[in-house]
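The values are calculated or read from the model by the stated rules, or taken from the named source; none is laboratory data. Since we're looking at a predicted model, the values are computed, not measured. Heads up, the Cβs are rebuilt from the backbone with ideal geometry, glycines too, and the neighbour counts pull from every protein chain shown.
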Amino acid sequence: MVGRVLDDIAEDLGLVRVQKESNAAFASRAAYSALRFWMQAFCLDDGYGGVYGIDGKTVERKSAAWLETLARSYPDIRRWFGGDDRAGIKRILSLMVSSRNLIVTDEGLYRCVTAHTEWISDDCAVLSGLADPTDPTKPMRANEIGVDPLPFSGLTSAVSRQDRIRRQDPVHDQGSWGDGSWSDGGIGNVVAGKGTRTARIQPLDERHCLLTLNAALPSDTKAARLIGMVSWPQRSATDALHRVFRREYTDVITHILKLEDVRVR
């Protein structure tokens with residue numbers, strides 16, 4: 001039954017196996033993507049249709065319970081997400097807030113927001129907010145951004161205009177992803193100083209690539225947040241150095257890394 005659930009999740013989101021990917025690795029990757037939608041569903045379940053939201057500990061607890069159900073058939077999921085310390089869950093929850101898939105109210109409750117496109121740079125936006133997981137790109141089409149969305153990768157879909165058109169809605173400049181307001185809570189890897197960072201992008205198969213960083217990007221940068229949203233950690237849910245992504249995102253990721261003075265090989 002659990003295997004069928006993961007198959008359905010993968011099919012709904014358009015996820016396909018990386019060449020030579022094990023069942024456990026694919027299950028972990030599918031669960032990682034699905035948690036975006038489950039966390040939003042948990043926040044809607046506040047007894048008031050999502051008007052108030054729920055506290056972060058409850059989101060973590062419900063997420064851990066859902067993963068534990070999957071771990072009955074795929075025990076490696078438990079290890080991949082960090083076991084009892086919920087490190088992977090906390091990392092995804094932080095990304096959900098930094099990308100405005102969820103907001104934290106003045107009372108400290110986590111609440112869903114409506115589907116919208118969140119601009120990261122003047123030529124790239126990601127889908128944020130409450131979306132139908134069977135058609136995660138629909139709000140992008142409805143907003144008439146003008147280009148076709150890229151396929152679902154990691155936790156979301158994105159659109160990119162390589163001619164770097166000017167952002168049409170200057171309101172998004174306020175409190176942008178680069179404002180330093182997000183922290184990964186100490187989860188991650190050693191961060192290299194500016195000017196010493198390098199990245200390597202290698203094809204894994206015809207649909208996927210692997211990004212390898214020599215050190216983790218500072219978590220308050222746009223590049224770290226974009227890569228966190230449009231890629232999957234490879235070795236564990238907190239792996240900031242090895243990220244798998246759909247090949248269609250190669251130009252987007254390369255561009256934003258170069259904006260952070262990361263040398264891409």
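Observations, loosely collected:
- Taking segment 1-52 as the range and being of a type in the set (Lys, Arg) and farther than 22 Å from Glu248 by Cα as the test, only Arg4 passes.
- Within segment 1-46, the residues that satisfy the criterion of being touching a residue at least 40 places away in the same chain (Cβ under 8 Å), aliphatic (A, V, I, L, M) and under 14 Å from Leu102 (Cα atoms) are Leu35, Met39, Leu44.
- Residue within segment 47-56 that is touching a Lys or Arg at 6+ places or on another chain (Cβ under 6 Å), in contact (Cβ under 8 Å) with a residue 24 or more places away in the chain and more than 18 Å from Val230 (Cα to Cα) present: yes
- Verdict on Thr221 being in contact with a His (Cβ under 7 Å, 6 or more places away or on another chain) and at pLDDT 85 or above: no
- Residues in segment 208-252 that are farther than 20 Å from Arg36 by Cα and of a type in the set (A, V, I, L, M): Leu210, Leu211, Leu213, Ala215, Ala216, Leu217, Leu241, Val252.
- From the options Thr114, Thr105, residue that is of a type in the set (Ser, Thr, Tyr), in contact with a Leu (Cβ under 9 Å, 6 or more places away or on another chain) and farther than 24 Å from His242 by Cα: Thr114
- When segment 241-265 is filtered for residues that are in a loop (DSSP other than H, G, I, E, B) and at pLDDT below 95, the ones remaining, listed by number, are Glu260, Asp261, Val262, Arg265.
- Unique match (being modelled with pLDDT of 90 or more and of a type in the set (A, V, I, L, M, F, W, C)) among Ile187, Ile201: Ile201
- Which listed residue is surrounded by fewer than 18 Cβ atoms within 10 Å (Cβ to Cβ), modelled with pLDDT of 95 or more and either of a type in the set (Ser, Thr, Tyr) or assigned to a loop (DSSP other than H, G, I, E, B) (or both), from Thr69, Thr58: Thr58
- Among residues of segment 1-48, those that are farther than 19 Å from Thr134 by Cα and outside any helix (DSSP H, G or I), counted: 10
- The residues listed here are Val230, Val244; of these, the one that is under 21 Å from Pro151 (Cβ atoms) and buried (at least 23 other Cβ atoms within 10 Å of the Cβ) is Val230.
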